[in-house]
Amino acid sequence: MRISTTLVTCSSLIGTTLAACPFAHPEALWRRDDGPEAEAEAPTSRDHLVQAEVDDSDSYMTSDVGGPIGEQRSLRAGPRGPTMLEDFIFRQKLQHFDHERIPERVVHARGAGALGTFTSYGNWSNLTAASFLGQEGKKTPVFVRFSTVAGSKGSADTARDVHGFATRFYTDEGNFDIVGNNIPVFFIQDAIQFPDLVHSVKPSPDNEIPQAATAHDSAWDFFSNQPSTMHTLFWAMAGFGIPRSFRHMDGFGVHTFRFVKEDGSSKFVKFHLKTLQGKASLVWEEAQVVSGKNADFHRQDLFDAIASGHPPSWELAVQVVDEDKALSFGFDLLDPTKFIPEELAPLVPLGKMTLDANPVNYFAETEQISFQPGHVVRGIDFSEDPLLQGRLYSYLDTQLNRHGGPNFEQLPVNRPLPSVHNNNRDGQGQQFIHRNIHQYTPSSLSNGFPAQANETVGKGFFTAPDRTVANGGPVVRALSPTFDDVWSQPRLFFNSLTRVEQQFLVNAIRFEASHVQSELVRQNVLKQLNRVSHEVAERVATALGMTAPEPEPRYYHDNVTVGISIFNNTLPTIEGLRVGILASTASQESLKQAGELKKMLSEDGLMVTVVGESLGGGVEQTYSSADATGFDGIVVAQGAEGLFGPGARDSPLFPTGRPGQILLDGYRWGKPVAAVGRAGAGVFNETGIPKTEGVFEGEGDDIDGLVEDLEAGLKVFKFTDRFPIDEGF
Ligand code: HDE
């Protein structure tokens, strides 16, 4: 099969360059011809959206129905008279404005999108009939939307939260969505509890406080009464809740799905998207400061990385398990509060996804994209996971609410690449002009078209033909007892963290629980923690001024697994990370050196900003607006040392002590900090930074060595020995 990438342009369709043609039938735009010799070919990144773009350059302003319009003044009955009802230009403009918003997503409202390409590493027909995985080098356009969960559309990016990682593959056999998260497990086991979970974490209904935070009574009341939440909570309270950027997090399909082969046989799979930038996380104080300084921290990072030519990549991988092994690991594969440790089922890398294009219109693309776990392609099937089963209903329903009708799949960002043929008709905002007057099946009058595909004809099956369900029992409103143990895996997760990550997790629960007003809820929290680990319960209890319950060892164990720690690994690449060079506008020496440093660091793919008292001479940001949240590493240029320490001269150009504070905060938040030659020892002494790991002093004027050290430090990313650990742990 071949999908022609020859676009029939809008201008050739309607003969004008002044308007685009979003209403054209995609069949006119994408031509399919099937043929055995035809090789797979697909558009990349945003080619498939270009047909809907509107280019205003070299155009006259028109009304919504195309007539040129002029003066942007309303029509008045005399210069001082009332506005006239006949002014359709005025009415059209205001009316459209009044209807600009659609309901924000009830969860995952805050997000950012990017486009790119997925390339298959091989022909995976030994695992699945999915065509986008059927050939080495086969390319499929993708759209990814990253998000937080609880916050509203205007909330801050770095709120502590689970993060959404929703990926659409525009395959040549239709859209496939992995609507996943950056954490491989979920809070609840049954979809019927989702509204309760969300109501508990959202702001209080009386005062709409707190925004984008779980540090409040109702959230922890629910968590502590619903212990299936413990596992996901542990991940969210560790670094996974506050990633450094969308680029530095993994994605997980969470549920078990099925891969179905051409012969109809199927296996269970878990989807993973492994970041090739490495996992990296902020520390909590830093994340809180970022929330205030730059609410757009993550979306800006993604946009800038792509715009500046550092496209992030992920590897799509699966864990494959025979269906009769669903219960063989000591937990149930249908239970979404469990992940499969890698040593039990290795990751099979299937291909690589690279995001290399930014949306050109946030609303049309990122806001209108309508993901659904129910968007699967032939070769991929669901499992009986009760959370997934509920999502198959909820996402369709939510799109109907957001878009006001059933034709949202016809929006440019939602359209599949192949043309759509069925008897679904009409409805609000219908974009297509269907010619078939026999819009029903079966029909002799339409010669049986569109014909119904099946396993042998027309490549049509979704449900695995050999699929069976382990059932036969009575109809029950209950979960299987194989879902009962919700404490062993949070413990496995905790055991697999480094000591300092365990401390971060404990500190995060301390922070959240200390915001809980109710003594009863705090006790319930300790009770649940104690089932996972007496140590965690005790450590949290000390901060709450309470006593942990007696140990409850039923689920205690010392097992560990791999791939959990964020801080234990060095990053495979530093491309796209940000470095601040602290210079002084008053010192030519520092400006010259800042320029040299910038050149060297930029050549290695870093995004570098020179900071000084005022702009000019290579300075791009002033001390009045700079702070440590903007940089992953900091270097002080020689000649700027007078700006640091208590002896530094106050300046009306920036808040007192700001240069020193940037350096000190960078140090306190675990970042590599460096100073060239003479500046070295001086600035560190003045700002009270001890000479420890990740604090680099250049020898004399040698900036080569210092750049090398700093870059090695950036790979470490966070120097965690700077963070104190509870005594005795
Ligand atoms: Fe969602 N979820 N969810 N969710 N979810 C939505 O769909 C829902 C769940 C996830 O960037 C909504 O279009 C139910 C798990 C992401 O557009 C809504 C249940 C996972 C996104 C919805 C879950 C997710 C959503 C809100 C329990 C990880 C953002 C607007 C059964 C595997 C997608 C929308 C985007 C969005 C319902 C649980 C991930 C209301 C009922 C588990 C990444 O339909």
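Mind checking which residues of segment 140-155 are surrounded by fewer than 22 Cβ atoms within 10 Å (Cβ to Cβ) and touching a helix residue (DSSP H, G or I) at 6+ places or on another chain (Cβ under 9 Å)? If the condition is that a residue be surrounded by fewer than 22 Cβ atoms within 10 Å (Cβ to Cβ) and touching a helix residue (DSSP H, G or I) at 6+ places or on another chain (Cβ under 9 Å), then K153, S155 are the ones that fit.
With respect to the conditions (1) closer than 27 Å to E603 by Cβ; (2) modelled with pLDDT under 95; (3) surrounded by 14 or more Cβ atoms within 10 Å (Cβ to Cβ), E699 lacks only one, and its number is (3). Within segment 676-696, restricting attention to residues that are touching an Asp or Glu at 6+ places or on another chain (Cβ under 6 Å) and crowded, with 23+ Cβ neighbours inside 10 Å, the residue that is farthest from L597 (Cα to Cα) is V683. Taking every residue in segment 573-590 that is over 20 Å from K718 (Cα atoms) and without any contact (Cβ under 8 Å) to a residue 60 or more places away in the chain and pairing it with any residue that is assigned to a loop (DSSP other than H, G, I, E, B) and hydroxyl-bearing (S, T, Y), at least 6 positions away or on another chain, the pairs with Cβ-Cβ distances below 7 Å are T585/S614; S590/S584. Looking only at residues in segment 395-413 that are in a loop (DSSP other than H, G, I, E, B) and in contact with a helix residue (DSSP H, G or I) (Cβ under 6 Å, 6 or more places away or on another chain), the one that is farthest from A191 (Cα to Cα) is P412. Taking the conditions exactly as written (within 30 Å of L333 (Cα to Cα) and away from the ligand (no atom under 11 Å from the Cβ)), does V377 satisfy them or not? For V377, the condition - within 30 Å of L333 (Cα to Cα) and away from the ligand (no atom under 11 Å from the Cβ) - is met. For segment 658-665, indicate whether the set of residues that are in the same structural domain as V611 (by TED's automatic domain parsing), of a type outside the set (A, V, I, L, M) and in contact (Cβ under 8 Å) with a residue 60 or more places away in the chain is non-empty. The answer is yes; a qualifying residue exists. In a loop (DSSP other than H, G, I, E, B) and out of contact with any strand residue (DSSP E or B) (no Cβ under 8 Å at 6 or more places or on another chain) - does that describe any residue in segment 128-135? No, the conditions are met nowhere in segment 128-135. Among the candidates V635, V619, the residue that is β-branched (V, I, T), within 35 Å of the chain's Cα centre (by Cα) and farther than 20 Å from G682 by Cβ is uniquely V619. Only a single criterion out of (1) more than 9 Å from the ligand (Cβ to nearest atom); (2) in contact (Cβ under 8 Å) with a residue 60 or more places away in the chain; (3) under 25 Å from S518 (Cβ atoms); (4) in contact with a Lys or Arg (Cβ under 9 Å, 6 or more places away or on another chain) is not satisfied by F194, namely (1). Q372 fulfils the conditions (1) out of contact with any His (no Cβ under 8 Å at 6 or more places or on another chain); (2) under 25 Å from I242 (Cβ atoms); (3) in a loop (DSSP other than H, G, I, E, B); (4) within 16 Å of the ligand (Cβ to nearest atom) except for a single criterion, (2). Of all positions in segment 439-450, none carries a residue that is surrounded by 13 or more Cβ atoms within 10 Å (Cβ to Cβ) and among the hydrophobic types (A, V, I, L, M, F, W, C).
Working only within segment 85-121, note down all residues that are surrounded by 13 or more Cβ atoms within 10 Å (Cβ to Cβ) and away from the ligand (no atom under 16 Å from the Cβ). Write out each step before concluding.
Within segment 85-121, the first condition is being surrounded by 13 or more Cβ atoms within 10 Å (Cβ to Cβ), and the residues that meet it are 87-93, 102, 104-121.
Listed by number, the residues that qualify are D87, F88, I89, F90, R91, Q92, K93, T117, F118, T119, S120, Y121.
The listed residues are A213, A159, and the only one of them that is away from the ligand (no atom under 16 Å from the Cβ), within 25 Å of I566 (Cβ to Cβ) and of a type in the set (A, V, I, L, M) turns out to be A213. Selection of segment 693-711 for residues being closer than 23 Å to A280 by Cα and either in a loop (DSSP other than H, G, I, E, B) or without any contact (Cβ under 8 Å) to a residue 24 or more places away in the chain (or both) yields E693, G694, E708.
Matching residues to (1) touching a Ser or Thr at 6+ places or on another chain (Cβ under 9 Å); (2) within 19 Å of N181 (Cβ to Cβ); (3) buried (at least 22 other Cβ atoms within 10 Å of the Cβ); (4) modelled with pLDDT of 95 or more:
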{"position": "A287", "(1), (2), (3), (4)": "yes, yes, yes, yes"}
{"position": "F303", "(1), (2), (3), (4)": "no, no, no, yes"}
{"position": "L316", "(1), (2), (3), (4)": "yes, yes, yes, yes"}
{"position": "P341", "(1), (2), (3), (4)": "yes, yes, no, yes"}
{"position": "P346", "(1), (2), (3), (4)": "no, no, no, yes"}
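Please tell me if N454 is more than 16 Å from the ligand (Cβ to nearest atom), under 30 Å from I192 (Cα atoms) and of a type in the set (S, T, N, Q). No.
The values are calculated or read from the model by the stated rules, or taken from the named source; none is laboratory data. What you are looking at is a predicted structure, and each value in this text was computed from that prediction instead of being measured. Here the Cβ is made from the backbone with ideal geometry for all residues, glycine too, and neighbour counts use every protein chain on show.
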